[in-house]
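Trainee: Before we start, here is the structure in question, set down as structure tokens.
The values are calculated or read from the model by the stated rules, or taken from the named source; none is laboratory data. The structure presented is a predicted model; accordingly, all values stated were derived computationally and were not measured. Keep in mind that these areas ignore ligands, DNA and RNA; they rest on the heavy atoms of the full protein, side chains included. Shrake-Rupley method; radii C 1.70, N 1.55, O 1.52, S 1.80 Å.
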Amino acid sequence: MTKMLIGNVKDIDIKGSRKLRVGQTEIALFRLSSGEVRAVENRCPHKGGALSEGMVCGSSIHCPLHDWRIDLHSGTVLAPDTGHVTTYEVEVDPATGSLYLTI
């Protein structure tokens with residue numbers, strides 16, 4: 001596992017997103033209304049929609065293509081649909097706001 005500095009929490013608006021590429025993997029970062037930052041693979045398991053373009057609602061993201069809902073904590077697609085996306089650990093340095101992604 002590799003832990004890398006990817007930016008600052010101020011770079012992501014509340015209920016906003018940001019995407020980044022690590023090797024061949026595109027990752028979507030979301031800042032929840034609680035201030036928590038979550039990271040998931042930026043690809044809906046249904047038709048491959050870019051989750052970073054979806055709408056954050058609570059702790060889930062709605063895919064912009066067909067409104068599939070994915071829990072940002074577990075990566076699990078919510079019923080009635082099924083599936084899963086990879087999640088990644090994100091740490092926020094409380095003193096500086098620096099964001100670290102573990103992949």
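Trainee: Give the residues of segment 12-71 that are over 12 Å from the mean Cα position of the chain (by Cα) and of a type in the set (S, T, N, Q), sorted by residue number. So that I can check it myself, show each step before the final result.
Mentor: From segment 12-71, those over 12 Å from the mean Cα position of the chain (by Cα) are 13-14, 21-25, 33-35, 45-49, 57-58, 64-69; that's our starting set.
Gln24, Thr25, Ser33, Ser34, listed by residue number.
Trainee: Go through the chain and tell me which strands (runs of 3 or more DSSP E), entirely inside it, have 1 or more residues that are aliphatic (A, V, I, L, M) and open to solvent by 20 Å² or more (accessible area, probe 1.4 Å).
Mentor: Details: elements: 3-8, 17-22, 25-31, 37-41, 55-57, 60-62, 69-71, 87-92, 98-102.
The strands (runs of 3 or more DSSP E) meeting that bar are 3-8, 17-22, 55-57, 87-92.
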